[in-house]
Amino acid sequence: MSAERKPAVDGPRSSESETRADATPPSRSQPLGMTPLTEARDAGTENANAEGTAWLGTVLGLAAWTMFFASLAFAVGWYRMREPWPTLPVSLLGLSLTGLLLLVGSAVLHLGLRRRESPWPARCALLLGLGFLALQAMWTHQAWWTEHVRIPEGGVSASAFHGLTALHALHVLVVTFNLFLVCWRHTRGADVRASFRRHVLGWHFVTAMWVLLFVAVYLP
C-alpha cells in the first residue's frame with residue numbers, strides 16, 4: 001500500500017548543471033581582457049585626429065596671415081616705387097638688434113623640438129618675446145613722441161611704420177602668451193608637446209614677417 005520512494009537525485013543533478021553553467025565559454029561579443037585595449041586604441045586615435053585637426057588649423061591660419069602681410073608689403077613696395085621713401089628717424093641698428101631677438105628665439109625653439117622634455121627652450125623664447133615687445137614699444141614711442149612721426153601728418157610712411165609695427169607686435173604678443181601657457185601647463189604636469197610644436201610654428205611665422213617688415217618699411 002505504501003508508495004515507492006524514488007532516490008533523491010535533485011542534488012547531484014543541480015550541481016552538475018551548475019558545473020556545466022560555469023564551464024560555458026564567455027560570449028564572443030564581449031571578449032575578456034580586450035575592452036581596455038580597445039578603449040586605449042580608440043583614445044589614441046581620437047587624440048591623433050584632434051592633434052592633426054589642430055595642426056591643420058594652425059597651418060591654414062598662418063597661411064592666411066602670411067598672404068595678408070605679403071599684400072600689405074606689396075602695397076608699400078608699390079608706393080615706394082612711385083615716390084621717394086623717407087628715412088625713418090629711428091635707429092636702424094636698434095631695429096635690427098630688436099629683430100635679432102626673434103631670430104635667436106627661432107633657433108632656440110628649433111633646438112627645443114629635439115628636447116621635448118626640457119622646458120627651457122620655451123622659457124627662453126618667452127623672455128626673448130617679452131624683450132622684443134618692450135624694445136618695439138620703445139622705438140614706436142620714440143618715433144611718435146620724440147621724432148613726431150605721427151598719423152596722418154607723416155603720410156604713408158608713418159602709417160606703414162605704425163600700422164604694420166603694431167599689427168606685427170600684436171601677433172608676437174599672442175605667440176608669447178601661448179608660450180607662457182605652455183610653460184604654465186608643463187609645470188602642472190600636462191603633456192604640452194603637441195601645442196608646443198604649433199606655437200613654434202607661430203614663432204617662425206612672426207620671425208619671417210618681421211624680416212618682410214624690415215625690408216618693406218624700415219629700410220630707407
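What follows draws every value from the coordinates through simple rules; no lab data is involved. Keep in mind that what you see is a predicted model, and the values were worked out from it rather than measured. Don't worry about glycine lacking a Cβ; one is built from the backbone with ideal geometry, like all the others, and counts go over all protein chains shown.
General observations
- Each residue of segment 60-65 was assigned a 3J(HN,Hα) from its phi angle through the Karplus curve 6.51 cos²θ - 1.76 cosθ + 1.60 (θ = phi - 60°); the sequence is 5, x, 5, 5, 5, 5 Hz, with glycine and proline shown as x.
- If you plug the beta carbon distance of Glu147 and Ala70 into 1/(1 + (r/R0)^6) with R0 = 30 Å, you get a FRET efficiency near 0.60.
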